[in-house]
Structure formats: structure tokens, C-alpha cells
1. Looking only at segment 269-311, filter to residues that are surrounded by fewer than 14 Cβ atoms within 10 Å (Cβ to Cβ) and at pLDDT below 85; which one of those is farthest from Asn241 (Cα to Cα)?
2. Lys175: closer than 30 Å to Ala208 by Cα and open to solvent by 30 Å² or more (accessible area, probe 1.4 Å), yes or no?
3. Among all residue pairs at least 6 apart or on different chains, which show Cβ distances below 8 Å where the first residue, located in segment 1-30, is in contact (Cβ under 8 Å) with a residue 12 or more places away in the chain and within 20 Å of Ile44 (Cα to Cα) and the second is open to solvent by less than 40 Å² (accessible area, probe 1.4 Å) and among the aromatic types (Phe, Trp, Tyr)?
4. Which residue is most open to solvent (accessible area, probe 1.4 Å), if the candidates are limited to segment 186-227 and must be within 20 Å of the chain's Cα centre (by Cα) and aromatic (Phe, Trp, Tyr)?
5. Any idea how many residues of segment 235-263 are under 30 Å from Lys110 (Cβ atoms) and open to solvent by less than 40 Å² (accessible area, probe 1.4 Å)?
6. Exactly one condition in (1) under 22 Å from Tyr62 (Cβ atoms); (2) open to solvent by less than 20 Å² (accessible area, probe 1.4 Å) is false for Arg138; which is it?
7. Give, as residue ranges, the helices (runs of 4 or more DSSP H) completely inside segment 204-303 that count at least 1 residues that are among the basic types (Lys, Arg) and within 24 Å of Thr155 (Cβ to Cβ).
Amino acid sequence: MKPTILLTGKTGQLGSELNRLLPKLGQVIAPELTDLDLSKPEQILQVMRDTRPQLIVNAAAYTAVNAAETDQVNALAINAEAPRLLALEAKKLGATLVHYSTDYVFDGSKKAPYAEADSPNPLNFYGRTKLGGDEAIRNSGAAHLIFRTSWVYATHGRNFLLTILRLATEHEELKIVDDQVGAPTCAFDLAEATTRILAGANSQFILAEVSGTYHMTAAGQTTWYEFATAILEEARHAPQNLQWLITATKRRPLIARRVFPISSEEFLSPTCRPAYSILSNARLKQVFGVTLPDWRTQLQRCFSSRPIYEDRSDILSVG
């Protein structure tokens, strides 16, 4: 019998991709924000008790890193308290909770990819709230999969990809931080990898027996400056009828001719971010046989004329 799956954040970058793929695995219940607002504990409890899911996929999060510094109550409620409640209810139901975390739980002082067992030390309030959610899930005793990822973007929503495209229609010169290293990860690839893993449950492994934290990012590494440069290169060679790109640029031409690298200090951000936040995906491959494509490959697929959302039956095989 296929499981009942409760999906949060169905309109977000990741949630919308999961909402396309998870129906392959079971009956998906994806409430509207008006019915499931993770800042409202009573709604969380009500939905969990009404739906009684076997699997909860929490794709909702407070991701505005700068805003979290001043909007701490909401950031804490959504990123820490809500996962705690979801996990406690999952434990009561014997359900499994899938949750997404961030590279920003680390301080960036390491010079080699971070492993899951490395000690976290977030530099900003956003990172602290996400770490709080991770710890609450682990302490709940519920079966869980926490997927830490990084620099998430999509062809919709609010993210670095769309910001660069917008700025490139407004300015001839862009200045982008070049001393922060990470792995840009497309939301579609995250959803695809998640679905592949969940498709292997019961037939290849028992979810409760593989509970834990796993790093799930694009392969390779880059800087924000290099990522911005790659975005503009791909955009200039993209098919002219690419609908999401037309929407992102509002049909305006890209006038940016030069992109300059600058330091984090020059950028004057109100929030500290790790200088190095590459995550090792070795454990994900070892346990589930799953790897994500290189970050540049993921980006190129976004700009391809071939839809990345087409029906992909092959994602249901793990290996």
C-alpha cells in the first residue's frame, strides 16, 4: 500500500518540485499556507492529527538570511519549533520525517569538505535556527532523514539565480562577492534525489534503520562571483522562448557587460556568512547510492530547451 505523504511548503522553490514528483510514491497531501502555517503550532498539530501521514516531507523554511537577524521570532518558530513539533507528532504516529537543513550551520573555518559529524558553529541567526531544528528532530526519537544542502536556487521564487538576471537587466556593471565558496544546488535536483531515496524505502532499506543526517549538494564548488558569471553566460546562449527566463527578465535585454569580484567586507552585508561551506556527499552515496550532478551541469539544465520537469520514470531506481 502506498503511503500518505504530508508535504509542507508546496509553493516554495523545493516544495513545488517535490509536489511534482512525490505523487509517484504515494498519496500527497499538500496544504495551502492558510491551512498549514508553520509559525502557528496549533495548525501543525491539527493537520498532523487529521491526516495521520506515514511520511512527512518538510520543504518549508524561513530562508531570508538577512531578515532573520531582526525577524527572530518568526525565523525561530518556522525553522526550529515547527520541525520539533512535526518530529514529536511523527514519533507518535510511527511516521518518518524528511527535513532540509543548511550549510550555514558551519562557520566556514574548515579547509576541506564538511562531513556530517563535524561540529556545527553557525555564524548567523538563520544558521542557529536551522541547527535548532536539526537537533530537535534528532532528539525526538522519530525516524528521520535530514538533508543538509547549500545555495539552493530554482527557476521561480526568490534566489540568487533570479536576482542576478534581474540585476543584469538594470545595470551595466555588477559587483559580486568572490571570497565565499559553496555548491549551488538546484531545487529540482534536490527533489529528484529525495524521491529516488524514498523510492528505495522498504524494498532496499528500512527508513528507520537509516535515520540520520546526510549532506545533499551539487558536486563541485564555486564562488558567488563565478556563479553569477556562469548564469550570465548561460542566459546569453539560452533559447529565446525559454518561458521562465522571459518571466525573470520581463522581456528586457541583459545589459550587464562586466562583473567584478569583490570581498565580503566590501559587500557590507549585515549578516556573517561562512567563507567555505562545501559539504561532503560521501555518506549519501555510500548509504543510498545517490549523487547529484555538478553545479554547472545543474545550471545548464535550467537553461536547456529540454524541460527539466518532464516525466522521469528512471528516478524511481536507486543506484
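The values are calculated or read from the model by the stated rules, or taken from the named source; none is laboratory data. Just so we're clear, the structure is a prediction, and the values are computed from it rather than from any experiment. Quick reminder, even Gly has a Cβ in these numbers, built from the backbone with ideal geometry, and neighbours come from all protein chains shown. Just so you know, the surface numbers come from the protein's heavy atoms only, side chains and all, with ligands and any DNA or RNA stripped out. Shrake-Rupley method; radii C 1.70, N 1.55, O 1.52, S 1.80 Å.
1. Only one residue fits best here, namely Asp311.
2. Values: closer than 30 Å to Ala208 by Cα: no; open to solvent by 30 Å² or more (accessible area, probe 1.4 Å): yes.
For Lys175, the condition - closer than 30 Å to Ala208 by Cα and open to solvent by 30 Å² or more (accessible area, probe 1.4 Å) - is not met.
3. Close Cβ pairs (under 8 Å, with a partner that is open to solvent by less than 40 Å² (accessible area, probe 1.4 Å) and among the aromatic types (Phe, Trp, Tyr)) amount to Leu14/Tyr100.
4. If we take residues in segment 186-227 being within 20 Å of the chain's Cα centre (by Cα) and aromatic (Phe, Trp, Tyr), then Trp224 is most open to solvent (accessible area, probe 1.4 Å).
5. If we filter segment 235-263 for residues that are under 30 Å from Lys110 (Cβ atoms), which is where we start, we get 259-263.
Keeping just the survivors that are open to solvent by less than 40 Å² (accessible area, probe 1.4 Å) gives 259, 262-263.
Qualifying residue count for the region: 3.
6. Going through the list (1) under 22 Å from Tyr62 (Cβ atoms); (2) open to solvent by less than 20 Å² (accessible area, probe 1.4 Å), Arg138 breaks only (2).
7. Working: elements: 224-236, 243-249, 264-267, 282-288, 295-302.
In segment 204-303, 224-236, 295-302 are the helices (runs of 4 or more DSSP H) which contain 1 or more residues that are among the basic types (Lys, Arg) and within 24 Å of Thr155 (Cβ to Cβ).
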